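Here the structure comes first, spelled out in structure tokens, and everything after it is commentary.
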Amino acid sequence: MRYGTKDVLSGVEFSVSRGEVVALLGPNGAGKTTTIEILEGFRARSGGHVSVLGTDPAHGSEHWRARLGIVLQSWRDHGRWKVKDLLHHLGRYYGPYSTSGRQRPIPTEQLIDMVGLGEQQEQKISKLSGGQRRRLDVAIGIVGRPELLFLDEPTAGLDPHARREFHDLVHQLSDMEETTILLTTHDLSEAEKLADRILILAGHRIIADGSAEQLARQVSNQAEVRWSQAGQFYVHSTDDATTFVRQLFHQHGDQIGDLEVRRASLEDTYLSMVHRIETGHDDAAVTTLEGAPR
């Protein structure tokens with residue numbers, strides 16, 4: 001994707017398998033929303049090749065769009081709609097069956113129960129809390145039983161309790177409805193909790209692709225050993241923390257205090273990768289981790 005002479009996305013390459021929950025993670029301004037909008041067919045790309053459910057989104061038909069569910073960062077519905085009335089109205093746009101043979105739309109009562117809005121079904125949208133509003137957004141996105149659901153910054157602005165409830169809802173969708181989910185976030189803990197696989201977008205491209213555990217191991221196999229000795233504090237990075245600590249105690253014994261072995265976390269990995277990109281100290285290779293699909 002290019003705006004004038006500026007590349008926003010360049011050489012982005014990844015795939016999502018049916019049934020996966022994949023998080024597109026990156027700093028603000030990295031191009032996450034642009035990527036999602038290209039995949040949804042909302043935004044025309046400058047070049048390259050894209051296939052979503054076997055179709056180029058730039059030429060997606062009404063039938064193709066009915067197979068997608070989309071939850072944008074914000075909606076602009078009329079606040080006077082009641083929750084139940086709006087969902088019933090939107091469900092009427094879908095045919096009786098999906099391409100997989102599942103009956104659709106999801107019956108309004110079932111849909112309301114799925115997203116936990118039973119007590120708010122007769123309430124006007126303008127009266128919903130932020131968490132309730134987000135649940136309604138998801139209901140709008142899944143009313144037609146989508147095969148693929150896009151969630152763009154789904155918990156932005158939610159309080160911790162509402163965020164936790166939303167995470168539970170996403171797990172329910174992936175487990176019960178077997179819906180493939182691609183979500184964007186800049187929240188590391190959210191990506192780790194929700195996703196089977198994490199893609200890190202920085203420097204206009206995908207710089208890493210793997211599970212949270214694989215990413216945490218990737219940035220470096222090294223561990224950071226911290227200890228105090230004779231009133232001084234020391235830090236040492238090593239590939240073999242066990243051997244280093246054994247040698248440390250063999251040489252200095254009782255002089256060693258406050259020993260701590262710290263291994264890379266997902267946050268360490270993410271910050272390290274993004275920092276290398278932003279400072280120009282990263283090569284052009286994309287990190288695809290062992291066991292992670294491309």
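Nothing in this text is a laboratory measurement; each read-out follows from the coordinates by a stated rule. Small disclaimer: the values here were computed from a predicted structure and weren't measured. Note: ideal-geometry Cβ built from the backbone for every residue, glycine included; neighbour counts use all protein chains shown.
Could you tell me the largest-minus-smallest coordinate of the C-alpha atoms of region 129-250 on each of the three principal axes, in descending order and whole angstroms?
Result, largest extent first: 65, 30, 29 Å.
Quick query: amide H of T184 versus all other amide H atoms, modeled in the peptide plane; which residues come in under 5 Å with a sequence gap of 5 or more or a different chain?
Close amide H contacts, sequence-distant or interchain: L24, L151, D152, E153.
What list of ³J(HN,Hα) values in whole Hz, one per residue of region 244-251 in order, does the Karplus curve 6.51 cos²θ - 1.76 cosθ + 1.60 (θ = phi - 60°) give from phi, with Gly and Pro shown as x?
For region 244-251, the Karplus curve yields 4, 5, 4, 5, 4, 6, 5, 7 Hz.
Full-extension gain between K193 and Q247, please, as 0.36 nm times their residue separation minus the C-alpha to C-alpha distance.
Extra length available between K193 and Q247 comes to 15.7 nm.
Label points 7 Å out from Cα along the Cβ direction at H49 and E224: separation in nm?
Taking the two extended label points, one gets 4.3 nm.
Among G95, G141, G26, determine the one that fluctuates most according to a GNM of the chain built with springs between C-alpha atoms less than 10 Å apart.
The residue that fluctuates most here is G95.
How far apart, in nm, are two points set 7 Å out from the Cα along the Cα-to-Cβ line at H167 and at S126?
3.5 nm
How about K124: which lysines have a C-alpha closer than 30 Å to its C-alpha, ignoring those fewer than 8 places off in the same chain?
List returned: K82, K84.
For region 221-263, take the convex hull of the Cα atoms, compute a quarter of its surface area, and give me that in nm², please.
For the Cα atoms of region 221-263, the hull's average projected area reads 2.6 nm².
Ordered by residue, what ³J(HN,Hα) values in Hz, to whole numbers, does region 144-160 give under the Karplus form 6.51 cos²θ - 1.76 cosθ + 1.60, where θ = phi - 60° and Gly and Pro are x?
Once θ is set to phi - 60°, the couplings for region 144-160 become x, 6, x, 7, 9, 10, 9, 10, 9, 6, x, 10, 4, x, 7, 6, x Hz.
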